[in-house]
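> Structure below; questions to follow.
The values are calculated or read from the model by the stated rules, or taken from the named source; none is laboratory data. Just so you know, these numbers come straight off a predicted model, no measurement behind them. Neighbour counts are summed over all protein chains in view; Cβ atoms, including those assigned to glycine, are modelled from backbone coordinates with ideal geometry. Ligands, DNA and RNA are excluded from the accessible area calculation, which covers all protein heavy atoms including side chains. Shrake-Rupley method; radii C 1.70, N 1.55, O 1.52, S 1.80 Å.
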Amino acid sequence: VLELLYQAYHNLQDWENLAGLLPELKKHGILPEAELKRLESETWIRRLEQSVTRGEGSAGARLQSAWDSMPNALRRQPEVVRIYARMLVEQGEYAVAGKVIVNALKHGWDPELVRLYGWIAGDNPQRQLAQAESWLSAHPDDAELLLCLGRLSARDKLWGKARDYFERSYQLERRPETCAELGRLLVALGEPKVAAAYFRDGLLLRESGLPTLPMPENVVPHSHQLAPN
């Protein structure tokens, strides 16, 4: 009966009832241990995702409730914390997201959580920036942290600092996302030519699968295209 219930709930994507069934599946040895762990992780992650679209009350409150009911062992798994933090940011639950990320980073560095921290539009950007800058001494060459710091500096309207952080991130790791941030900031700062060079570089990085074709000689040497003014 347990096996049939498990199959039915899983096929129906009824994650709430499946979560309640997990202790019985474990108790009676219905599934091998490795498969049971995989099922437990999948079930709770899907329940988190489903909580924002179904149920009464606000999506943020339902998400918090689903998280609180999750087993402690799962709440310590980096993958699960990342998903929860991302969903909090998407729902605009910035205060909770900030606490979750800062607490998680105390137990282990995670570039994805650092990236999410840069997306938080909190009420106190100065304090948020100071928190992120406190990580810099231990991770000075982390491109994700520098990108995060650039965003937080821009949120605090520190345009020169934002540009510096973005450029340092770009020098460590050329990414379309960093090029886009630099491009739009430089447009706003009145440097459209340099901004266009970053936008162009970001587009080429995103379309990395282009075939090799002959090109006319550059009017401007490539090494000078992204040189800061």
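> For region 107-116, does any single residue satisfy the condition of being surrounded by fewer than 17 Cβ atoms within 10 Å (Cβ to Cβ), more than 16 Å from the chain's Cα centre (by Cα), farther than 23 Å from L18 by Cα and modelled with pLDDT of 90 or more?
yes
> If you don't mind, there's one more thing I want to ask. Does region 22-30 include one or more residues that are at pLDDT 85 or above and either among the aromatic types (F, W, Y) or open to solvent by less than 30 Å² (accessible area, probe 1.4 Å) (or both)?
Checked region 22-30: at least one residue is at pLDDT 85 or above and either among the aromatic types (F, W, Y) or open to solvent by less than 30 Å² (accessible area, probe 1.4 Å) (or both).
> Please find, among A61, A19, A8, the residue that is closer than 22 Å to V96 by Cβ and either at pLDDT 85 or above or in contact with a Leu (Cβ under 8 Å, 6 or more places away or on another chain) (or both).
Only one candidate qualifies: A61.
> Follow-up question, since we're still on this one. Of the conditions (1) out of contact with any Asp or Glu (no Cβ under 8 Å at 6 or more places or on another chain); (2) closer than 23 Å to R155 by Cα; (3) charged (D, E, K, R), R115 fails just one. Which one is it?
(1)
> May I pose another question? Could you look through region 32-75, keep only residues that are more than 22 Å from the chain's Cα centre (by Cα) and of a type in the set (D, E, K, R), and pick out the one that is surrounded by the fewest Cβ atoms within 10 Å (Cβ to Cβ)?
E56
> Might you check whether a residue that is among the hydrophobic types (A, V, I, L, M, F, W, C), closer than 26 Å to E177 by Cα and out of contact with any Ser or Thr (no Cβ under 6 Å at 6 or more places or on another chain) occurs anywhere in region 64-77? Lay out the reasoning, then the answer.
Going through region 64-77, the residues among the hydrophobic types (A, V, I, L, M, F, W, C) turn out to be 66-67, 70, 73-74.
Next cut, closer than 26 Å to E177 by Cα only: none.
The answer is no; no qualifying residue exists.
> Confirm whether L189 is farther than 27 Å from G108 by Cβ, surrounded by fewer than 17 Cβ atoms within 10 Å (Cβ to Cβ) and touching a Pro at 6+ places or on another chain (Cβ under 6 Å).
On the way: farther than 27 Å from G108 by Cβ: yes; surrounded by fewer than 17 Cβ atoms within 10 Å (Cβ to Cβ): yes; touching a Pro at 6+ places or on another chain (Cβ under 6 Å): no.
No, not satisfied.
> Answer yes or no: is there a residue in region 131-139 that is hydrophobic (A, V, I, L, M, F, W, C) and over 18 Å from the mean Cα position of the chain (by Cα).
Start the filter on region 131-139 by keeping residues that are hydrophobic (A, V, I, L, M, F, W, C), which leaves 132, 135-136, 138.
Narrowing further to those that are over 18 Å from the mean Cα position of the chain (by Cα): 136, 138.
Yes, there is a match, as at least one residue in region 131-139 is hydrophobic (A, V, I, L, M, F, W, C) and over 18 Å from the mean Cα position of the chain (by Cα).
> Looking only at region 117-166, count every residue that is under 20 Å from L189 (Cβ atoms) and either among the hydroxyl-bearing types (S, T, Y) or exposed (fewer than 15 other Cβ atoms within 10 Å of the Cβ) (or both) and tell me the total.
5
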